[in-house]
Amino acid sequence: RKEVEQDPGPFNVPEGATVAFNCTYSNSASQSFFWYRQDCRKEPKLLMSVYSSGNEDGRFTAQLNRASQYISLLIRDSKLSDSATYLCVVFSGGYQKVTFGTGTKLQVIP
Amino acid sequence: GAVVSQHPSWVICKSGTSVKIECRSLDFQATTMFWYRQFPKQSLMLMATSNEGSKATYEQGVEKDKFLINHASLTLSTLTVTSAHPEDSSFYICSASRDSANSPLHFGNGTRLTVT
């Protein structure tokens with residue numbers, strides 16, 4: 001089993017739709033979780049951290065479920081500009097052990 | 001603004017030459033930096049973990065003599081692709097985080113290497 005798993009997609013959704021991605025992790029001792037966005041041929045950029053209590057930033061909501069060992073990202077009112085690959089990143093064993101998911105590709109269509 | 005600077009952004013070189021890529025943390029010290037490679041339409045692949053003042057830790061299948069990593073200071077790590085070949089053409093990205101828990105990774109803007 002991979003340490004961090006994501007559905008690669010692609011998720012093709014119409015503008016205005018709500019879409020959710022999950023990311024599962026295998027190491028129960030994992031400490032910190034993040035969602036990154038990567039546009040084609042560009043470096044990943046931090047989208048948001050994921051806190052135990054869940055957190056929201058505009059149209060984006062991130063949640064952590066430690067019992068089931070997954071994190072989620074919800075995007076409401078999808079925009080064309082949301083089209084990208086969304087990577088989950090998990091820190092374990094302090095800040096030195098970092099594991100990426102393979103990313104989930106989102107395509108928002110007009 | 002950028003907190004991790006990577007240079008150069010792109011480079012074209014002839015087969016057999018060596019290419020050095022720099023990764024700098026701009027406003028924080030990073031004991032650890034990471035080097036990744038990404039081929040078209042594929043996910044990021046961790047190549048190695050660069051540790052300041054000690055040897056880098058390479059992922060399985062990554063040749064340490066081919067990809068030389070030097071992390072001589074708390075703000076600079078370099079990756080040298082030695083005797084580059086066309087199959088080394090890829091997008092190379094570095095990342096670093098502040099040495100504290102819950103600090104996210106910051107990525108350099110990547111280096112697109114083309115070996116002819």
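For every residue, the table says whether it meets (1) free of Cβ contacts under 8 Å to residues at least 12 places away in the same chain; (2) closer than 15 Å to B:Ser95 by Cβ.
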| residue | (1), (2) |
| --- | --- |
| B:Ser25 | no, yes |
| B:Ala30 | no, yes |
| B:Trp35 | no, yes |
| B:Gln38 | no, yes |
| B:Met47 | no, yes |
| B:Gly53 | no, no |
| B:Thr57 | yes, yes |
| B:Gln60 | yes, no |
| B:Asp65 | no, no |
Inset, instruction - Given the conditions (1) more than 9 Å from chain A (Cβ to nearest Cβ); (2) of a type outside the set (Val, Ile, Thr); (3) part of a loop (DSSP other than H, G, I, E, B); (4) touching a His at 6+ places or on another chain (Cβ under 9 Å), report the number of the one that B:Ser83 does not fulfil. - result: (4)
Legend entry - Candidates A:Lys97, A:Lys105, filtered to the one that is free of Cβ contacts under 8 Å to residues at least 24 places away in the same chain, closer than 30 Å to B:His7 by Cα and either surrounded by fewer than 21 Cβ atoms within 10 Å (Cβ to Cβ) or not hydrophobic (A, V, I, L, M, F, W, C) (or both): A:Lys97
Inset, instruction - From (1) in contact (Cβ under 8 Å) with a residue 40 or more places away in the chain; (2) under 19 Å from B:His106 (Cβ atoms); (3) within 14 Å of the chain's Cα centre (by Cα), pick out the condition that doesn't hold for A:Ser49. - result: (1)
Inset, instruction - Kindly indicate whether any position in the range B:73-91 is among the aromatic types (Phe, Trp, Tyr) and closer than 19 Å to B:Trp10 by Cα. - result: yes
Inset, instruction - Kindly indicate which of B:Ser95, B:Ser103 is closer than 20 Å to A:Gly101 by Cβ, in a loop (DSSP other than H, G, I, E, B) and within 14 Å of another protein chain (Cβ to nearest Cβ). - result: B:Ser103
Legend entry - Of residues in the range B:37-48 being in contact with a Gly (Cβ under 9 Å, 6 or more places away or on another chain) and not aliphatic (A, V, I, L, M), the one nearest to the other protein chains (Cβ to nearest Cβ): B:Ser43
Legend entry - Where B:Ser90 falls short, out of the listed (1) farther than 18 Å from B:Lys20 by Cβ; (2) within 14 Å of chain A (Cβ to nearest Cβ); (3) without any contact (Cβ under 8 Å) to a residue 60 or more places away in the chain: (1)
Legend entry - Some residue of the range A:13-21 being in contact with a Pro (Cβ under 7 Å, 6 or more places away or on another chain), within 26 Å of B:Lys41 (Cα to Cα) and not basic (Lys, Arg): yes
Inset, instruction - Select from the range A:22-78 the residues that are of a type in the set (D, E, K, R) and more than 10 Å from every other protein chain (Cβ to nearest Cβ) and write down the one among them that is surrounded by the most Cβ atoms within 10 Å (Cβ to Cβ). - result: A:Arg37
Inset, instruction - Scan A:Lys2, A:Lys97 and give me the residue that is closer than 21 Å to B:Met47 by Cβ and out of contact with any strand residue (DSSP E or B) (no Cβ under 7 Å at 6 or more places or on another chain). - result: A:Lys2
Legend entry - One residue from B:Ser83, B:Ser89, B:Ser15 being touching a helix residue (DSSP H, G or I) at 6+ places or on another chain (Cβ under 8 Å) and at pLDDT 95 or above: B:Ser15
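The values are calculated or read from the model by the stated rules, or taken from the named source; none is laboratory data. A quick note: this is a predicted structure, and the numbers were derived from the prediction, not measured. With ideal geometry, Cβ positions are generated from the backbone for all residues, glycine too; neighbour counts draw on all protein chains shown.
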